[in-house]
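Data block below; observations after.
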Amino acid sequence: MPDLPLWLYLCLALIASTLYVFIYLRVQRLERQQHTRRIHLLHRLRQLLSLLQKHRGLSAGILSGDKSLSADRAVIQQEIQSLLKGAQTEQVLLAPFERWHTLTEHWGRLQANQQLDVRACLLQHHQLIRTLLFLIEDLAEASHLAASHPELEYLPWVWKGLLPSAEWAGQARALGTAVSAKGCSTPAERIRLRFLCQQLREESSHTLQRLKAQPDLQKSLLPAQAALQQFLWTLETQILQENGPPLNAKEFFALATQAIESLLAIADDALTHALRVHQEINPHLLGATTLVSRG
């Protein structure tokens, strides 16, 4: 077999190296696309968390006698339906998670059941939201967002600490809205509210302490701490009064919502940070790097 000329060896080597670089860059591009899709999906599920929590609180107030909340709940229900429909476009990402199917089926049953009392309504919502929190954590862990990115190592505190803190606050808002709608509370409700206040204070304090060193979260951390303090003060000094809370259901719901949304705003900032980190190699490749929608 005759020896090949040197120039041909050089050409083959150049072709091989070019092909390797092309494949490598393509793989990197696809990985960035996958990370971007997963981050946007996590944000969509975060929005769903907020909506389901609001639906629970408004439902508790309506079942406790304040029918003026019905119009607000109808709007929230439409938003939930729209968000769930939009999430269907990411079935490839969601299909492997059994909790997604459990969540959508449970929501359908809850919508169809109009015979629940306050206690059963709260319990069903608690279970539904618990499933969603686990789904968010499952998807986040499967996405490996912090892999090879030490600046994102704090992200697990978002799924394991920040969102659970928002859920303690959400449960307190729901029960507090029910109490405000009735104008009175039972000893059992006051015991439960005190427990929720304690859990919220401990979980949020520990989590926010862990997150305060993150420069990308600073703009939302301080407002969240202030809103939480106001919310806890209102619960402990007004809603827990034995002679009845001075706030009506709509006023209390709005105040509580401000505290909860301030916690969820930190989660949004963390997701925006993750999106920016995963797009920094080519920030124009995949579009905007800010998750602006909150609520």
So which of Lys54/Lys212; Lys212/Lys250; Lys54/Lys85 end up more than 21 Å apart, counting from Cα to Cα?
-> Lys54/Lys212; Lys212/Lys250
Projected-area average for the stretch 43-120 over all orientations - Cα convex hull basis, square nanometres = 5.3 nm²
Equivalent-ellipsoid semi-axes (√(5λ), Cα gyration tensor) for the stretch 41-87, whole Å, largest first?
-> 23, 10, 5
Kirkwood-based Rg to Rh ratio, the stretch 155-250, C-alpha trace = 1.03
When only DSSP loop residues count, what trypsin sites (Lys or Arg not before Pro) in the stretch 130-230 have their Cβ near at most 15 other Cβ atoms within 10 Å?
-> Lys212
Rg/Rg_globular for the stretch 97-214, with Rg_globular taken as 2.2 N^0.38 Å and Rg from C-alpha atoms | 1.27
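Each reported figure results from applying straightforward, stated rules to the coordinates on display, with no laboratory input. This one's a predicted model, so the numbers in the text were calculated from it and none came from an experiment. No Cβ is skipped: glycine too gets one built from the backbone with ideal geometry, and neighbour counts run over all protein chains shown.
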